[in-house]
Amino acid sequence: MGKKLVMAQKRGETRALCLGATMVVCAVIAYYILCTTLLPLYEKSVWTEESTCHLIETNIRDQEELEGKKVALYPCLWVNVSAVGRWAVLYHTEDTRDKNQQCSYIPGSLDNYQKARADVEKVRDNFHKAQVFFCFSTTQENETSVLYRRLYGPRTLLFSLLWPTSLLTGGLLIIVMVKINQSLSILAAQK
């Protein structure tokens with residue numbers, strides 16, 4: 001009976017060590033992926049200062065109103081604000097600015113024009129309700145745009161690193177507990 005118990009313990013310890021090592025390897029892979037994808041976007045973001053924006057005007061532009069300019073086939077919300085003592089164009093996120101610099105907000109579903117128009121009108125009404133709101137500006141003097149919400153801020157970075165950190169910690173704890181268990185069983189066998 002004693003030999004079967006020792007064999008079962010060794011098999012269980014081996015499985016636990018494999019689980020812990022796999023967790024550590026997965027955490028290292030996740031850190032690598034995050035550091036090569038999310039970290040450069042975080043470092044590239046220049047909108048780091050939180051400012052107070054005052055609404056100047058909002059305008060919904062349809063395709064007919066933008067004749068002569070190449071625009072997408074969806075309603076476009078244009079928002080002008082006063083931030084950090086100067087006039088600026090408000091963009092929803094960094095990606096909105098990269099997709100279309102003539103739109104402050106791009107609706108989520110572009111398949112149905114009426115739903116997209118209703119979404120844009122709802123966002124415009126929300127801006128009119130809150131005339132003063134927080135936005136993110138840059139320290140660059142010649143920049144005339146601000147962001148309503150940062151996609152790649154410190155909070156996003158923290159939440160993205162939370163799961164790999166807990167995976168790494170859990171894997172290391174399993175390995176340490178197995179090694180402590182092995183050393184205690186060796187000490188008990190010597191007595």
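The values are calculated or read from the model by the stated rules, or taken from the named source; none is laboratory data. All values reported here derive from a predicted model rather than from experimental measurement. Neighbour counts are summed over all protein chains in view; Cβ atoms, including those assigned to glycine, are modelled from backbone coordinates with ideal geometry. Accessible surface is based on the protein model in full, side chains and every heavy atom, while ligands, DNA and RNA are left aside. Shrake-Rupley method; radii C 1.70, N 1.55, O 1.52, S 1.80 Å.
If only one of Glu121, Glu143, Glu50 is in a loop (DSSP other than H, G, I, E, B) and in contact with a strand residue (DSSP E or B) (Cβ under 8 Å, 6 or more places away or on another chain), which one is it? Working first, answer last.
Working: Glu121 fails: in a loop (DSSP other than H, G, I, E, B); Glu50 fails: in a loop (DSSP other than H, G, I, E, B).
Of the residues listed, the single one that is in a loop (DSSP other than H, G, I, E, B) and in contact with a strand residue (DSSP E or B) (Cβ under 8 Å, 6 or more places away or on another chain) is Glu143.
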Check: Looking at the range 104-126, which of the residues that are hydrophobic (A, V, I, L, M, F, W, C) and farther than 24 Å from Tyr42 by Cβ is modelled with the lowest pLDDT?
Finding: Leu110
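Would you confirm whether or not the range 87-95 contains a residue that is polar (S, T, N, Q), open to solvent by less than 20 Å² (accessible area, probe 1.4 Å) and in a helix (DSSP H, G or I)?
Restricting attention to the range 87-95, the residues satisfying the condition of being polar (S, T, N, Q) are 93.
Restricting the remaining residues to those that are open to solvent by less than 20 Å² (accessible area, probe 1.4 Å) gives 93.
Still in the running and in a helix (DSSP H, G or I): none.
No: the range 87-95 contains no residue that is polar (S, T, N, Q), open to solvent by less than 20 Å² (accessible area, probe 1.4 Å) and in a helix (DSSP H, G or I).
Being in contact with an Asp or Glu (Cβ under 9 Å, 6 or more places away or on another chain) and either at pLDDT below 75 or open to solvent by less than 70 Å² (accessible area, probe 1.4 Å) (or both) is true for just one of Ser45, Ser82. Which residue is that?
Numbers: Ser82 fails: in contact with an Asp or Glu (Cβ under 9 Å, 6 or more places away or on another chain).
Being in contact with an Asp or Glu (Cβ under 9 Å, 6 or more places away or on another chain) and either at pLDDT below 75 or open to solvent by less than 70 Å² (accessible area, probe 1.4 Å) (or both) holds for just one of Ser45, Ser82, which is Ser45.
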Check: From the set of residues in the range 97-112 that are among the hydroxyl-bearing types (Ser, Thr, Tyr) and touching a strand residue (DSSP E or B) at 6+ places or on another chain (Cβ under 6 Å), which is surrounded by the fewest Cβ atoms within 10 Å (Cβ to Cβ)?
Finding: Tyr105
